[in-house]
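See structure below.
Bear in mind these aren't lab numbers, they're just calculated from the coordinates by the rules spelled out. Here the structure is a predicted model, which is why all the values come from computation and not from measurement. A quick note on method: Cβ atoms are made from the backbone with ideal geometry, for glycine too, and the neighbour counts reach across all protein chains shown.
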């Protein structure tokens with residue numbers, strides 16, 4: 001690998017880490033009893049078309065200071081939670097969020113809309 005390719009590869013890794021840090025910071029700001037979609041988080045983190053990347057970051061995140069359970073799929077679907085949908089459902093319920101089937105009930109009331 002040439003040095004210019006190596007620099008681009010490393011720059012890409014730094015950019016990915018920077019995006020990941022912005023995602024985690026954004027998710028930490030979601031208050032209890034509120035949710036945000038993967039797409040909302042991606043947009044707030046500066047990459048509006050990166051909802052799938054946010055989902056991957058949430059899936060792999062094991063940090064207790066990041067409330068990953070508050071990030072949901074589009075349209076109010078609860079999405080995955082590292083394979084434990086019941087745990088995500090329980091954590092949301094503990095915060096007063098009602099899940100009916102696979103969706104958040106009263107999504108308009110619980111959706112987090114931060115000030116920019």
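Quick check: the angle from helix 85-94's long axis to the longest principal axis of the chain, C-alpha only, nearest 10 degrees? For 85-94 against the chain, the angle is about 60 degrees. Which shape class applies to the range 32-96: rounded if a/c is under 1.5, otherwise prolate when a/b exceeds b/c and oblate if not, where a ≥ b ≥ c are the square roots of the Cα gyration tensor eigenvalues? Prolate is the answer for the range 32-96, as a/c is 1.5 or above and a/b outweighs b/c. For the chain, the longest principal axis of the C-alpha atoms and the axis of helix 3-28 are separated by about 20°.
Would you kindly state how much longer the chain becomes between residue 59 and residue 111 on full extension, computed as 0.36 nm times their sequence separation minus their alpha carbon distance, in nm to one decimal?
Extra length from residue 59 to residue 111 when fully extended: 16.7 nm.
The helix-based estimate of mean residue ellipticity at 222 nm for the chain, built from -39,500 (n - 2.57) per DSSP H run of four or more residues and divided by its residue count, is -15000 deg cm²/dmol to the nearest 500.
Take every Cα pair under 8 Å in the chain that's 6+ residues apart, average their separations, divide by the length, and report that relative contact order as a whole percent.
With pairs under 8 Å counted, the relative contact order is 24 percent.
Modelled spin-label separation between residue 89 and residue 25, with each label point placed 7 Å from Cα along the Cα-to-Cβ direction: 3.6 nm. The packing ranking of peptides 40-48, 86-94, highest mean first, is 40-48, 86-94, where packing means the average number of other beta carbon atoms within 10 angstrom of each residue.
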